[in-house]
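Written out below as structure tokens is the structure these notes cover.
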Amino acid sequence: MQIYSLITILFSVAMIARPLPIENFKYKKEITIQTKNPSNQIVRVLLDDEFYKHSYYADLRVTKNGEIVPYKIQNAEEISKYTEKLKPELLFTKKDDLEVYVLELPKLPEGMSYSKLTVSSAFDYETSITLKLGDNPDTFFETKNVFLYKYGSQTSGEIDLGNTKYRYVRLEAENGSNLKFPSVTRIKGNKNLYFEKVHPVPNPNLEENSVLFSFPNENQSSFQSLKLSFEEKNWERTITVRAKINKKEWDTVFQGTMNHRENEGTYTEIPISSPVNSEFTIEINDGENETLHLKEVITVQPLEEILFFTDTDSEVQNYVLYYGNPYQWTANFDPYTYPSSDDLREKTPIEAKLGKEMENPEFGYSLIYPPISGYLTTILFYLGIFTLLFFIFSILKSKRLVAKESV
């Protein structure tokens, strides 16, 4: 019973502490939070090019004073604060068993959407509304139910449109609501952030039915997609992109038939199956067609950010980002331990910066972690097989000796 209690206590302490075995990670970066009072807030850290060069993505870990910090990773965006209010046009209204209103919203410029519809009334009311959105008054694609009220000076006042691009709104309210719609708010969408690098186009190697371009990528620029520009405006070709994985073996990271038309712009974008930060090749299969002339190649890496909570557990809070282990499994955190979308709407994250990359002086693979644990498992497996074969051979040999003596 005492032993059981001791094991329970030790297990509980381990669950609370959760230290990271930092010796498994080759690189680290210190995280500096840009505020003097970071307690009980959300921290946003933008990942940089150095990280992508030496990380295997699944190996990203954050620590505070040596203990694991749950995090969320997402594409970084340039947050737009631009909004404007416009007056919708009331196309139709009917007041019968239900009050029906059909609104037409002003045309949207590129990159904008509608976020909120303002509702008012000269009288106190409360009503359930069925809201429908569509491209035209004949067809509505989205439906939601909302509850609105006005009790003196207290009012709900707005309907969340969910950043829609639909321009027609139909509202069905309870009779006696007498609603008016003084304005609709449209916002500019957030812009995804990228860093791009232009690569000089090398002389091609002409093959029987294809042309091959080799890019050394000497700066080890990371990328998750390619943008290609050709002198020809209209074409269709099979394109294969290969890259060196772990600087040793070549692997196909894209293969497929792509087509381009002049009205689609300058570039054709090639998605990559996994992040690349090494030399790569682009092979264009022309078949019986004339050879395409590659004019420009741009590697594109979406910028990403990690978000995590700070707390007040200790006065000293040293945050460090660890990475650089190809054998590390992907982090799997309880979704309640890192910032959710609701948290991000309620709180504005505080910014933090990554320091310069440093090699971890404590780096060295442990016996209980890959790859050494895998080697040990393999050795033990074959040792077990040989031991089993030895015993089987010994038993068979002893049986043969007994058989000879009996003869």
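Below are the figures for this structure:
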| item | result |
| --- | --- |
| Candidate aspartates and glutamates for bridging to Lys244, where Cα separation is under 13 Å - those fewer than 8 sequence places away on the same chain excluded | Glu218, Glu279 |
| Under Karplus coefficients 6.51, -1.76 and 1.60, residue-wise ³J(HN,Hα) of segment 377-393 in Hz, glycine/proline x | 4, 5, 4, 5, 4, 5, 5, x, 4, 4, 5, 4, 4, 4, 5, 5, 4 |
| Pairs from Lys85/Lys116; Lys72/Lys144; Lys29/Lys64; Lys94/Lys132; Lys72/Lys356 whose Cα-Cα separation, in the structure shown, is over 18 Å | Lys72/Lys144; Lys72/Lys356 |
| Square roots of 5 times each gyration tensor eigenvalue, C-alpha, segment 83-215, largest first, Å | 49, 17, 12 |
| Extension reserve of the Glu67-Thr281 stretch, reckoned as 0.36 nm per residue once the Cα distance is removed | 72.9 nm |
| Loop-resident sites, segment 64-142, for trypsin sites (Lys or Arg not before Pro), counting at most 13 other Cβ within 10 Å (DSSP) | Lys81, Lys107 |
| Lys94 versus Gln74: modelled label distance in nm, points set 7 Å from Cα along the beta carbon direction | 4.1 |
| Among Leu179, Leu294, Leu212, residue whose mean-square fluctuation peaks in a GNM of the chain (springs only between Cα atoms under 10 Å) | Leu179 |
| For the chain, Kirkwood radius (reciprocal of mean inverse C-alpha pair distance, Å) | 27.7 |
| Dipole magnitude of segment 83-189, debye to nearest 20 (Cβ charges: Lys/Arg +1, Asp/Glu -1, about Cα centre) | 420 |
| In segment 291-361, the chymotrypsin sites (Phe, Trp or Tyr not before Pro) that fall in loop regions by DSSP, at most 11 other Cβ within 10 Å | Trp329 |
| Calculated on alpha-carbon atoms, Rg and Dmax of segment 159-269 in Å | 24.3, 78 |
| Positive-end residue, the chain charge dipole about Cα centroid, Cβ charges, pick of Tyr57, Gly162, Tyr82 | Tyr57 |
| The chain: most fluctuating residue of Ile22, Ile392, Ile73 per GNM, C-alpha cutoff 10 Å | Ile392 |
| Nearest-20 debye value, segment 194-302 charge dipole, Cβ charges on Lys, Arg, Asp, Glu | 500 |
| Residue among Glu23, Glu99, Glu283 with the largest mean-square fluctuation in a Gaussian network model of the chain, springs linking Cα atoms under 10 Å | Glu99 |
| Segment 265-287 versus segment 185-199: alpha-carbon centroid distance in Å | 21 |
| Amide H contacts of Gly134 (H built 1.01 Å from N, under 5 Å, at least 5 apart or other chain) | Phe141, Arg167, Tyr168 |
| Amide hydrogen neighbours beyond the local backbone of Val253, cut-off 5 Å, H modeled | Val241, Arg242, Ala243 |
| In Hz, Karplus ³J(HN,Hα) per residue of segment 198-206 (6.51, -1.76, 1.60; θ = phi - 60°; x = Gly, Pro) | 8, 10, x, 7, x, 5, x, 9, 7 |
| Under-5 Å amide H pairs with Ile68, H placed in peptide plane, nonlocal only | Leu20 |
| Label-point separation, Asp334 to Ile350 (7 Å along Cα→Cβ), nm | 2.4 |
| For the chain, calculated [θ]222 nm from helices alone, where every DSSP H run of n ≥ 4 adds -39500 (n - 2.57) | -5000 deg cm²/dmol |
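Each reported figure results from applying straightforward, stated rules to the coordinates on display, with no laboratory input. Predicted, not measured: the structure shown is a model, and the values here were computed from it. Quick reminder, even Gly has a Cβ in these numbers, built from the backbone with ideal geometry, and neighbours come from all protein chains shown.
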